[in-house]
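Structure first, then comments.
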Amino acid sequence: MKRNIVYYAAIILLPLFLFSCKDKDAFTLSGTITNPGSLKQITLIAETPNGIAVVDSTNLSDQGKFVFKHNAPYANLYRLRVGGSMFDFIAKNGDEIAFNTNLTDPKRAYEITGSDESGKIQDFNKLSNYYGAINTKLSDAYINKAQSIGKGPDSAKLADTLAAFYRPLLRKNFDDYNLAVLKFMNDNKASLAGFYAASSIDSVKYESQLVAYADAITGKFDGNPAVAQFIQNKMAVKSITIGHQAPDFTTGGIDGKPVKLSDYRGKYVLLDFWASWCGPCRQENPNVVKQYAIYHPMGLNILGVSLDVDKGAWQQAVEHDKLTWAHGSDLKTWEGPTEKLYHIFSIPSNFIIDPNGIIVAKNITGADLEEFLKKTFSKSQ
């Protein structure tokens, strides 16, 4: 019996038709929890610009199986809360994702298919867990040894020595983690996993790298509000990141005369945002005084910008802390035009500006400030 072309066309198109029958208005997450014990319910959580939000929950079957169906108008990070554990995955409408884990596994490993992005999230979690384990080991060792010191006459000295030993180790591990995350996010610019990794690093120290990353992902991940907010925030501070021209301003001097940043053109200047009521600022002031005494004769200038509203308190703090450099203030806390121009949301904040008016360092304090000034002025001699 002959069959016409319509028949063969139907046979050829049938697999395509079946493939296209996915629900484009939702994703489906089907899974199995092996050895759930007394666990009866699991929860689906979504990442939002304002934090995490519970979007659904469901009961496990007697066989430990479950199904979620959820509308996701844009690709997003989700978390499956299973008892006391969280499992990350990325989903968008049309995805059909399969998940399984064994709750007796101490490592809480899990398998997920149907979402390539979720595999990258697992890679990031392995990276994060590696450095997290080192941090926990160092922290536990420090706490155990600190507890064994006791209350003898030398206890304070021993505690300081112990802290001085462990602090740089913990700092190095944190720095190593940040560098590993920077590599991961730059290697995965086409993946949301890279974006969520970026949100975990030190946003102050690595501001320039995060601004460059925001530039690179602009136009990607359309519709995701967290990505849009991240890009907007980074573009807002782009003009005051390292390598850019410091914007000029005029503010009221402590002596009543106007103070301009442009008055320092041709000189190195440390622009220091602080306040009399800021504890960390006052703690850092002795270090700034020390560095000024060393490097002012070599060409370092400082312009302090206070967020005080009480001029008396401001003047008293300047005198008490022996801050002998120039000072100015809008006397409007965070709402001053200078603070808004430089996007000051926390203090102490500082900018080191070179003789050409270029920002060459930002938000460095303590030993980091000392090291930067030493390198800078040793080159200029």
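The values are calculated or read from the model by the stated rules, or taken from the named source; none is laboratory data. All of these numbers come straight from a predicted model, not from anything done at the bench. Ideal geometry is used to build each Cβ from the backbone, glycine not excepted, and the neighbour counts take in all protein chains shown. Heavy atoms of the whole protein, side chains included, go into the accessibility calculation; ligands, DNA and RNA do not. Shrake-Rupley method; radii C 1.70, N 1.55, O 1.52, S 1.80 Å.
Here are some notes:
- When the C-alpha to C-alpha distance is required to be over 18 Å, the pairs from Lys290/Lys332; Lys65/Lys126; Lys24/Lys69; Lys157/Lys290; Lys107/Lys189; Lys234/Lys267 that qualify are Lys290/Lys332; Lys65/Lys126; Lys157/Lys290; Lys107/Lys189; Lys234/Lys267.
- For a paramagnetic label modelled on His244 (point 7 Å from Cα along Cα→Cβ), amide N atoms under 18 Å away belong, within the stretch 329-354, to 337-346, 349-354.
- Signed unit charges on C-beta, dipole axis of the chain, positive-most listed residue Tyr142, Ser61, Asn186: Ser61
- Each of Asn356 and Ser30 was given a label point 7 Å from its Cα along the Cα-to-Cβ line. The distance between the two points is 6.2 nm.
- Contour minus Cα-Cα distance for Glu335 and Thr104 (0.36 nm per residue): 77.8 nm
- Carbon-plus-sulfur accessible fraction, the stretch 330-377 (probe radius 1.4 Å, protein heavy atoms only): 54%.
- Accessible area expressed per residue, the stretch 322-380, with surrounding protein chains retained (probe 1.4 Å, Å²): 49
- Helix-only mean residue ellipticity at 222 nm for the chain, each DSSP H run of n ≥ 4 adding -39500 (n - 2.57), per residue, nearest 500: -13500 deg cm²/dmol
- By accessible area with a 1.4 Å probe, ligands and nucleic acids excluded, highest first: order of Tyr292, Tyr268: Tyr268, Tyr292
- Average accessible surface area per residue within the stretch 62-111, 1.4 Å rolling probe, Å²: 52
- Gyration tensor (alpha-carbon) shape descriptor, the stretch 151-288, a/c threshold 1.5: oblate
- Counting protein heavy atoms only, the stretch 24-151 has 47 percent of its accessible area on carbon and sulfur, 1.4 angstrom probe.
- Dipole in debye (nearest 20) - the chain, about Cα centre, beta carbon charges: Lys, Arg +1; Asp, Glu -1: 640
- Rounded accessible area per residue of the stretch 178-314, 1.4 Å, Å²: 44
- Here the accessible area of the stretch 212-261 is 55 percent carbon and sulfur, with a 1.4 angstrom probe and all protein chains present.
- Antiparallel content of DSSP bridges confined to the chain, in %, to 5: 70
- DSSP H segments from the chain that extend 27 Å or more along their own axis, Cα-based, with Kyte-Doolittle mean of -0.5 or above: 155-187
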